[in-house]
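> Just dropping this structure here.
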Amino acid sequence: MPRPPRWCPPTSDAQPAAAAVLYPSCPEDIASLLRASCMHPSPFPVSARGCGHSTRGQASAPRGVVVDMLSLGCQAGGSATHLSVSVDGRYVDAGGEQLWVDVLRAALAHGLTPRSWTDYLHLTVGGTLSNAGISGQAFRHGPQISNVQELDVITGLGEIVTCSKEKHADLFDAVLGGLGQFGVITRARIPLIPAPARARWMRLFYTGAAALTGDQERLIGVDLGTAVSGFMDYVEGSVVLADQGQVGSWRSSFFSETALAEEAGGVLYCLEGALYYGGAALAGESDVDKDDLVKLAPNKVERATEETDWTMTGNSRC
Ligand SMILES: Cc1cc2nc3c(=O)[nH]c(=O)nc-3n(C[C@H](O)[C@H](O)[C@H](O)COP(=O)(O)OP(=O)(O)OC[C@H]3O[C@@H](n4cnc5c(N)ncnc54)[C@H](O)[C@@H]3O)c2cc1C
């Protein structure tokens, strides 16, 4: 059988390719490029590229120059020079090219963690801070862009500016969530908190969307003032389609998702939640009562629940 081509022919809505790629050794290389574009009679587009995981060529620069941010982390001295936890443990300074998984590892080495995450951690700090950075902690702490103290940014004029809520606040606010349009992030200062030692994780299935969202609202309603509201540290939801083979991929040993999906007409709704416990942050707290935890979500299908405990180490959940 002939092998399929390894490239896709351009489609009618494909944008023109970039003319060049810059592999910077240091932020000054990027500043020089932006100054060169600025001074050019017809300035060319410049776009930072982290892992390139955003959609529809967002990290590309049609007929311009793409800046390969990852090459900043490959310079002499290794990534350690671009990831440094402060002596007092209040924050980590991370290069814009660093992966969140490496930020996590660096922080956990000190028993610390950032507050807000993405699910998938092989994304760059600059890439997610240019979007939002959302995961199951956002209901409590906000997205990643709400958890930044300070940035080093290279502006469109090629200036290297340190900004924060107090200093050059307009630039700070524009760059966070700015889709790479207001400057290149070369350093972000991320506040840290003590990491929990353990997490109790659970997954609950529902046969209707209203039942799922009812339980989600109960769990994330931190201002509701009930015993349940804000009890969880992480809450997410997803839809599982039986006919796309996703149901079987859960591989639960506790119950048959396939049978459940058939009963539910081919669609299942899933609530994923976690409660952190133990460790310096939560010293003295008693162990989590499993029964109490499951009672927090009354709408679930009773026979379709799954729970497990995770120990948070530098190697787990990465
Ligand atoms: C498998 C997968 C799982 C995902 N999971 C989540 C998730 O759980 N939560 C979530 O919020 N998102 C998620 N995303 C989306 C992801 O956050 C965005 O696509 C993010 O932009 C990707 O980061 P990146 O490093 O690949 O950035 P890129 O795609 O390279 O760049 C994204 C944008 O940021 C700009 N940019 C990149 N680096 C910089 C910089 N240093 N300074 C300024 N601008 C810059 C680019 O020009 C571009 O506009 C996921 C994506 C994938 C592929």
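Read-outs throughout are calculated quantities, based only on the coordinates presented, and are distinct from any laboratory measurement. All values derive from a computational prediction rather than experimental measurement. For neighbour counting, all protein chains shown are included, and Cβ atoms are generated from backbone atoms with ideal geometry for every residue, glycine included.
> Based on the Kirkwood radius over alpha-carbon pairs, what is the Stokes-Einstein translational diffusion coefficient of region 75-194 at 37 °C with 0.692 mPa s viscosity, in µm²/s?
Details: Rh = 14.2 Å.
Answer, rounded: 232 µm²/s.
> Which residues' amide hydrogens lie under 5 Å from the amide hydrogen of residue 237, considering only partners 5 or more residues apart or on another chain, with H built in the peptide plane?
Sorted by chain and number, the residues that satisfy this are 272.
> OK, next. Arranged from highest to lowest average of other beta-carbon atoms within 10 Å per residue, in what order do the peptides 91-97, 152-158, 236-242 appear?
Values: 91-97: 24.1, 152-158: 19.6, 236-242: 15.9.
Ranking the peptides 91-97, 152-158, 236-242 by packing returns 91-97, 152-158, 236-242.
> Moving to a separate point now. Report the one residue of 82, 139, 181 whose Cα lies farthest in the direction of the positive end of the charge dipole of region 75-194 (charges on C-beta: Lys and Arg +1, Asp and Glu -1; origin at the Cα centre).
Positive-most Cα among the choices belongs to 139.
> Treat each spin label as a single point 7 Å out from the Cα along the C-beta direction, and report the residue 263 to residue 109 distance in nm.
Those two pseudo-labels are separated by 4.9 nm.
> Here's something else I'd like to know. Among 159-166, 127-134, 64-71, how do they line up by average Cβ neighbours within 10 Å per residue, starting with the highest? Present the calculation step by step, with values, prior to reporting the outcome.
Details: 159-166: 14.4, 127-134: 23.0, 64-71: 20.4.
Final packing ranking: 127-134, 64-71, 159-166.
> Can I ask one more? Please say if region 20-70 is rounded, prolate or oblate, where rounded means a/c under 1.5 for a ≥ b ≥ c the square roots of the C-alpha gyration tensor eigenvalues, and otherwise the choice is prolate for a/b larger than b/c and oblate otherwise?
Working: a/c = 2.90, a/b = 1.29, b/c = 2.25.
Note, shape of region 20-70 comes out oblate.
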